[in-house]
1. Report the gain in length on full extension from THR37 to THR5: 0.36 nm times residue separation, minus Cα-Cα distance, nm rounded to one decimal.
2. Along the Cα→Cβ direction, 7 angstrom out, place labels at GLU20 and GLU45. What is the inter-label distance in nm?
3. Quick one: which residues, 5 or more positions from GLY38 or on another chain, have an amide H under 5 Å from its amide H? H modelled 1.01 Å from N in the peptide plane, none for Pro or chain starts.
Amino acid sequence: MELHTKIKGLREQKKISQEEMAFQLGIKQNTYHAIETGQSKLKVEHALKIAEILDLSINDNKIIIKQFVV
């Protein structure tokens, strides 16, 4: 399963809308949608904020960072 699919699933489990996620990230809803559908790359700072919003553990944060830091 790709990361953007995992993020969407976790967001839906927490019953958080795309609009709310976008607001908390400080981005537009369509930009967040592009992240969730894999159409846009996820910036590290957004990955960390998403992990915080979704209550992911530090280990989960490392997994997200490893996928985006080159």
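No lab work stands behind these numbers, since they all come straight from the coordinates. Every value quoted in this text rests on a predicted model; they were computed, and no experiment measured them. All Cβ positions, glycine included, derive from the backbone under ideal geometry; neighbour counts span all protein chains shown.
1. Stretched out fully, the THR37 to THR5 stretch lengthens by 10.8 nm.
2. 2.4
3. Here the answer is none, since no amide H 5 or more places off falls under 5 Å of that of GLY38.
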